[in-house]
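Worksheet for the structure shown next.
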Amino acid sequence: MSRRSRPTPSSRGRARGKNTRAARVCLFFLFYAAGFHQLISQPVCGVTGPDSVFFDKVRYNAYVPPDFEIEVVVHNPAGTRIDSLVAFPRSNPRFTVISPPVLLLADSLLPGDSARARFHLIVQPRAVSGEDTVIMSLSGKSGMRGECLLVIWVEKEYKPENVLLCPSDTALRISFVDTLNTYVPAPLVVPLRIENRGDAPSKDTRLLYVATPGLAPADGQDAIVDIGTLQPGAVADRIFRLRIVPRTSDTTVGLRFKVQGYGGLGDRIIDTICETPVTIPALRDAAFELHCDSSPHIVFDRGVYTPNPFEWAVTVHNSGDGFAKDVRAAITLPSNYRLDSLEQNEHTLGNMPAGSIRQTTWRIRALPVTRPDTGVLCTTVYDVFAHNAQCCDTITLPPVRSSDMRASCLLLPDTIGIDASTGIYQPSQTEVRLQISNPGTEAVDSVWAEIVIADPDIDIRGGAPVRRLVAVRLLPNGFAEVSWMLAPRAVPQDRRSTILFRVSGVEIPERITSCQLRIAASLLPALVCSMSSTPADTLHYNIGTLQYDSLTLSAVVRNTGSIAARGVRVSLLLPSGMGLAAGDSAVRSLGDVLETGGERTLHWRLDPAVRRDGRLDTIRVEFHVGAVSTLCEDWIFIVGIPPVTVLSIPSNNLAQYNRELRIPIEIDNADGKQIQHIDCAVRYNPAYLELLDIERTGDMLENWTFFSDSRPGRIDISARSDTSVLAGEGILMHARFRVVFGALDDALRAVVTPLSFDTVTSAVNRGGVIVRYFDGAAVLSGDCLPPLNASDRYVLLNASPNPTSGALSVHADLREQAHLRLVVVDALGREVYRVADAIFHAGTHRFTVPAGLLRAGRYYILATAAGRTTTSAVTLIR
């Protein structure tokens, strides 16, 4: 309302206070202008407009007034004019300017003049009633700025607040009842409550069902329910009925409803949703699988059908996961059959739970027919829930009759000769015809003919089946014919082959007839081969060379045919795990003519892979030329080898008199060898060394059960583990000695004393793992002789463990920075692996040759630095 209008009684006090404050603001600006306009050229302004805005409590959708005008009056009391004077309301989220946001009051406002402008504002809603201030800003040239205020009290927005209460998940329970074959409850009843907890009515309120997979509105249930106007504090209860859609698996869905109404400023849509999880169990449905007995073989013998009556059995299996109620089986008979006396057309099987099996049997009689009859016998199984299935079978009923059948064969031509100039059969094939007649008085049904060829050198051409249907019905005095095309293979000598035929029909005994075909001897090569191996039957593994013994295969082929063989191809067929020597080929060609009576021998050198278990392998060689081929084979047993490991003592041990010497006992890679027991006996010279202790701290046997028995000159050690196997490679234990050589007369002497294994009493896994022992040594010097320097070589080289069946660790010690080239070569000096080729700083460098990179054998590691080469030999075992 404007300042000239009167506020309502409820707001009169508030309006009076606001007008007082506005008057004080205007008086301040007037006082300011009267006392100080000579110092500052500033305008004086005032704003008028409503002091209160109320919310409509009749329609509850708008403010009163919904929009209003404010007027700003500006007076220039100063002695200078104000150019380009503009006014604009300052930004305020509670009011929106709907007229131009900035107005030009005057191009030039002279001293003593006044200007005015009106702005149109619209109210934005408040959540809590309160005061808001409209700030009117002024601006002009030469930096003139000013502002004036209007305080307006704005009432809060009244709007509805709908709350939708869904039932809890425990209140909505769905189950599937097998005996009813349906979900319960049906329908699902969902009670819903809508409460308006706001302070304004909810207009045109509606309850909406949000589509949920597995649930649909029941018949007669609308997806949208009108509630109308819901006053503040009012409650509406509604019932919603849903139909449950069958599920194939247990599923939990979110059942969602929405309540929607209109209210508040502008009657906007206000909605809310509630959701309840509902579990829908899987549909358990019955499914019938039927098995009908095959049709009985009914024959007409001596004037009667046999068997008659016959039994017809049907097996019913409920293969579903649901309950079948009141199951019944009904039979449907062809026209020439009837049920035996006292038999019912329908049998009751009762209730069938899931997985159950029932069987029912009917006795059926066949009625006489004068011609062959084929009927379909069917059984239908069903229950009260409309589950059903059907199985049918065909029954053939022979007629009451008398019939006969005769058969004969004819070869065109009956002799296959040979063309002496080409060595090819002429003609290359012959036609055999089988003629069948019915001299009886009744027709013969289903006449079949079968050709039987016992000779493997005769083939049927064209893919024709050996058994063929000659006639569906052969009438009295009828005649039928069927034929096959035959082609001979090359045979070494003349022969006569018998071709047999079997003819059968319904109710007719089987008839057999035969023809003879003469085949001339062929003019083709004939290959015969034999094989042998060295060694003849068993291949052993040589522990000394760490390889299998040499295996050589020899194959001899001979041409025993009537003509020479040209371009004979040879194919060697090897079993898995067997390879050829490098450069050899499994496919060869003889390359020239193998004359009649000629013979050729071929050799292969085979390379079997190492295997843990022995195995009998078959090796085959095939020789073929054109359509002629032969295959020969030989057998050899390849001995499996147990795992091999290496126990070693280094030879670079060095110590001085009365000093302590720790000597390691090392093992190569133990992975995959299942080592759980180690017996180790080591000999030493007690005149040079005195045993102090056996140490295991930090070594591979640290956590094993350990026994040791020592006496001068010998160490006996036994270690085992019942819970783990040895893994990796490295030091099993350390023998700690004190050097007793080098006193008195030996003070300036040095000696090399061996450290050796007793290979008789040492063993791994009680002999289950083959062990190779490499003895070590210690270089001892007297009390007055400094420790010896092992070498003056530029690079020191050490490879460990050596021998090894796993990865090889190479240590290279450089005296100073240099270019180091480190390679592995075989026994012929050929480089097989480059370890390093770069510049390295002084000190010790460690490299690894990966396991499986090299085959078993002896190799050399060459380390070249500063023009000098150091060599170390290593042995790889597998």
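Values computed for the structure shown
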read-out: Condition broken by H297, with the remaining ones in (1) open to solvent by 50 Å² or more (accessible area, probe 1.4 Å); (2) closer than 30 Å to P213 by Cβ; (3) outside any strand (DSSP E or B); (4) of a type outside the set (V, I, T) satisfied; value: (2)
read-out: Pick from the range 344-354, criterion open to solvent by 50 Å² or more (accessible area, probe 1.4 Å) and of a type outside the set (A, V, I, L, M), ranking: farthest from F300 (Cα to Cα); value: P353
read-out: Residue list for the range 110-140, filter: of a type in the set (A, V, I, L, M, F, W, C) and either buried (at least 17 other Cβ atoms within 10 Å of the Cβ) or assigned to a loop (DSSP other than H, G, I, E, B) (or both); value: L110, A115, A117, F119, L121, V123, A127, V128, V134, M136, L138
read-out: Pick from the range 300-332, criterion of a type in the set (A, V, I, L, M, F, W, C) and at pLDDT below 85, ranking: nearest to R365 (Cα to Cα); value: V304
read-out: Tally, over the range 567-603, of residues that are in a strand (DSSP E or B), over 26 Å from G852 (Cβ atoms), without any contact (Cβ under 8 Å) to a residue 60 or more places away in the chain and open to solvent by less than 40 Å² (accessible area, probe 1.4 Å); value: 4
read-out: Test: residue in the range 197-209 that is aliphatic (A, V, I, L, M) and either free of Cβ contacts under 8 Å to residues at least 60 places away in the same chain or in contact with a helix residue (DSSP H, G or I) (Cβ under 7 Å, 6 or more places away or on another chain) (or both); value: yes
read-out: The range 141-159 residues that are in a helix (DSSP H, G or I), paired with ones that are surrounded by fewer than 18 Cβ atoms within 10 Å (Cβ to Cβ) (beta carbon under 6 Å, 6 or more apart); value: K141/D83; K141/S84
read-out: The range 524-538, residues that are assigned to a loop (DSSP other than H, G, I, E, B), surrounded by fewer than 17 Cβ atoms within 10 Å (Cβ to Cβ) and among the aliphatic types (A, V, I, L, M); value: A536
read-out: Given (1) open to solvent by less than 30 Å² (accessible area, probe 1.4 Å); (2) assigned to a strand (DSSP E or B); (3) under 24 Å from E289 (Cβ atoms), number of the condition Y305 does not satisfy; value: (3)
read-out: Hey, L104 open to solvent by 50 Å² or more (accessible area, probe 1.4 Å) and more than 25 Å from A200 (Cβ to Cβ) or not; value: yes
read-out: Pairs where the first residue, in the range 67-91, is more than 18 Å from L121 (Cβ to Cβ) and the second is among the charged types (D, E, K, R) and not in a strand (DSSP E or B), C-beta under 8 Å, 6+ apart; value: H75/D113; N76/D113; I82/K141; D83/K141; S84/K141
read-out: Residues of the range 186-207 that turn out to be at pLDDT 90 or above, open to solvent by 30 Å² or more (accessible area, probe 1.4 Å) and either more than 21 Å from N61 (Cα to Cα) or in a loop (DSSP other than H, G, I, E, B) (or both), as a count; value: 6
read-out: Counted residues, the range 210-231 - those being surrounded by fewer than 17 Cβ atoms within 10 Å (Cβ to Cβ), assigned to a strand (DSSP E or B) and in contact (Cβ under 8 Å) with a residue 24 or more places away in the chain; value: 5
read-out: Total residues in the range 666-681, condition open to solvent by 10 Å² or more (accessible area, probe 1.4 Å), part of a strand (DSSP E or B) and at pLDDT 90 or above; value: 2
read-out: Filter result for R238 (of a type outside the set (A, V, I, L, M), in a strand (DSSP E or B), within 30 Å of F385 (Cα to Cα) and open to solvent by 50 Å² or more (accessible area, probe 1.4 Å)); value: no
read-out: Condition broken by T430, with the remaining ones in (1) open to solvent by 40 Å² or more (accessible area, probe 1.4 Å); (2) over 30 Å from P309 (Cα atoms) satisfied; value: (1)
read-out: Count of residues meeting criterion [closer than 30 Å to V102 by Cβ, charged (D, E, K, R) and open to solvent by 60 Å² or more (accessible area, probe 1.4 Å)] in the range 141-182; value: 3
read-out: Residue selected from the range 462-501 under the condition basic (K, R) and open to solvent by 80 Å² or more (accessible area, probe 1.4 Å), by the criterion farthest from S562 (Cα to Cα); value: R473
read-out: Failed item, numbered, when A521 is tested on (1) outside any strand (DSSP E or B); (2) of a type in the set (A, V, I, L, M); (3) in contact (Cβ under 8 Å) with a residue 40 or more places away in the chain; (4) surrounded by 15 or more Cβ atoms within 10 Å (Cβ to Cβ); value: (4)
read-out: Filtered residue count, the range 333-356, keeping only those that are out of contact with any Ser or Thr (no Cβ under 7 Å at 6 or more places or on another chain) and either touching a residue at least 24 places away in the same chain (Cβ under 8 Å) or under 13 Å from D285 (Cα atoms) (or both); value: 15
read-out: Matching residues, the range 711-751, being open to solvent by 40 Å² or more (accessible area, probe 1.4 Å), in a strand (DSSP E or B) and closer than 12 Å to L689 by Cβ; value: R736, R738
read-out: Residues satisfying the stated conditions in the range 78-109, i.e. in a loop (DSSP other than H, G, I, E, B) and at pLDDT below 90; value: A78, G79, T80, R81, R90, S91, P93, R94, I98, S99, P100, P101
read-out: Candidates Q390, Q435, filtered to the one that is open to solvent by 30 Å² or more (accessible area, probe 1.4 Å), part of a strand (DSSP E or B) and closer than 20 Å to R502 by Cβ; value: Q435
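Conditions tested, residue by residue: (1) assigned to a loop (DSSP other than H, G, I, E, B); (2) touching a Phe, Trp or Tyr at 6+ places or on another chain (Cβ under 9 Å); (3) open to solvent by 60 Å² or more (accessible area, probe 1.4 Å).
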{"residue": "G322", "(1), (2), (3)": "yes, yes, no"}
{"residue": "T360", "(1), (2), (3)": "no, no, no"}
{"residue": "D404", "(1), (2), (3)": "yes, no, no"}
{"residue": "L411", "(1), (2), (3)": "no, no, no"}
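The values are calculated or read from the model by the stated rules, or taken from the named source; none is laboratory data. The structure displayed is predicted, hence computed values, not measured ones. A quick note on method: Cβ atoms are made from the backbone with ideal geometry, for glycine too, and the neighbour counts reach across all protein chains shown. For accessibility, only protein heavy atoms count, side chains too; no ligands or nucleic acids. Shrake-Rupley method; radii C 1.70, N 1.55, O 1.52, S 1.80 Å.
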